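All remarks here apply to the structure that follows.
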Ligand code: MD6
Ligand code: FE
């Protein structure tokens with residue numbers, strides 16, 4: 001058998017596009033601190049299913065920590081310094097989470113990344129995120145650092161238009177994805193999460209998305 005028979009052309013591994021860096025298991029060094037921090041954050045600012053501007057309930061439950069939090073409602077997508085559910089500021093960005101974000105950005109070639117917003121996404125079995133661009137931030141020169149915990153999920157990473165066929169990255173517990181520069185406005189999403197049991201997080205996937213919003 002020829003090596004070329006191992007893959008059909010559509011399944012062949014494709015290199016990552018410029019500006020996208022996948023750091024497998026990078027977050028495991030911070031695992032206990034991250035799980036402890038998430039537990040505390042969701043007590044102060046519970047996970048909730050937001051509505052899209054079109055009125056649809058999102059399948060992913062969300063909360064935030066840090067000076068700014070990303071929210072969505074009938075009025076649109078935006079960053080807010082307060083949790084609309086409580087009227088209080090979001091919980092502080094835990095130091096280990098900040099350290100992880102800066103270290104991951106640096107490992108990906110982005111110096112001095114200082115996030116001011118951390119979105120926490122919780123996916124139960126079947127939850128998904130449709131293709132979108134992250135464009136609610138003022139400074140698009142800063143990268144985004146995305147930490148995956150718990151159940152595995154297929155991260156979809158497309159191009160600058162919705163029609164570009166996305167790459168499929170199977171992210172697992174502890175993986176960190178950093179993107180910026182030429183990839184900053186790429187369309188991306190998450191395929192429906194398959195049911196399973198994770199030893200630390202049970203039947204869920206948690207994603208932390210750290211950004212410089214302002
Ligand atoms: C998720 N993440 O992985 C959804 N956006 O749960 C995102 O939408 C995302 O991971 C921008 C940068 C990194 C991300
Ligand atoms: Fe996104």
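The values are calculated or read from the model by the stated rules, or taken from the named source; none is laboratory data. Source: prediction; values computed, not measured. With ideal geometry, Cβ positions are generated from the backbone for all residues, glycine too; neighbour counts draw on all protein chains shown.
Might you let me know whether the stretch 112-127 holds any residue that is away from ligand 1 (no atom under 16 Å from the Cβ) and at negative phi? Yes. Candidates in the stretch 182-199 are the residues that are assigned to a loop (DSSP other than H, G, I, E, B) and touching a strand residue (DSSP E or B) at 6+ places or on another chain (Cβ under 7 Å); of these, the one that is surrounded by the most Cβ atoms within 10 Å (Cβ to Cβ) is 193. From the set of residues in the stretch 120-139 that are closer than 23 Å to residue 107 by Cα and at pLDDT 95 or above, which is surrounded by the most Cβ atoms within 10 Å (Cβ to Cβ)? It comes out as 120.
Note on the stretch 84-102: residues that are touching a strand residue (DSSP E or B) at 6+ places or on another chain (Cβ under 9 Å) and surrounded by fewer than 20 Cβ atoms within 10 Å (Cβ to Cβ) amount to 7.
Could you please find all residues in the stretch 48-74 being more than 19 Å from residue 127 (Cα to Cα) and loosely packed, with under 12 Cβ neighbours inside 10 Å? Within the stretch 48-74, just 74 meets the criteria. Restricted to the stretch 128-156, and to residues that are near ligand 1 (Cβ under 9 Å from one of its atoms) and farther than 21 Å from residue 213 by Cα, which residue is farthest from the chain's Cα centre (by Cα)? Looking at residues that are near ligand 1 (Cβ under 9 Å from one of its atoms) and farther than 21 Å from residue 213 by Cα, I get 153. Residue count for the stretch 162-180 satisfying the condition of being surrounded by fewer than 19 Cβ atoms within 10 Å (Cβ to Cβ) and either at pLDDT below 95 or over 19 Å from residue 26 (Cβ atoms) (or both): 6. Every listed requirement among (1) away from ligand 1 (no atom under 13 Å from the Cβ); (2) in contact (Cβ under 8 Å) with a residue 40 or more places away in the chain; (3) part of a loop (DSSP other than H, G, I, E, B) is met by residue 164 save one, (2).
For beta carbons closer than 7 Å, sequence separation of 6+ or different chains, a first residue in the stretch 121-147 that is touching a residue at least 60 places away in the same chain (Cβ under 8 Å) and farther than 17 Å from residue 177 by Cβ and a second that is more than 9 Å from ligand 1 (Cβ to nearest atom) and not in a loop (DSSP other than H, G, I, E, B), the qualifying pairs are 122/61; 136/70; 136/77; 136/78; 136/79. Screening residue 117 with (1) surrounded by fewer than 21 Cβ atoms within 10 Å (Cβ to Cβ); (2) more than 19 Å from residue 28 (Cα to Cα) gives one miss only, at (1). Can you tell me which residues in the stretch 106-132 are closer than 20 Å to residue 21 by Cβ and either out of contact with any strand residue (DSSP E or B) (no Cβ under 8 Å at 6 or more places or on another chain) or more than 16 Å from ligand 2 (Cβ to nearest atom) (or both)? If the condition is that a residue be closer than 20 Å to residue 21 by Cβ and either out of contact with any strand residue (DSSP E or B) (no Cβ under 8 Å at 6 or more places or on another chain) or more than 16 Å from ligand 2 (Cβ to nearest atom) (or both), then 106, 107, 108, 109, 110, 111, 112, 113, 114 are the ones that fit.
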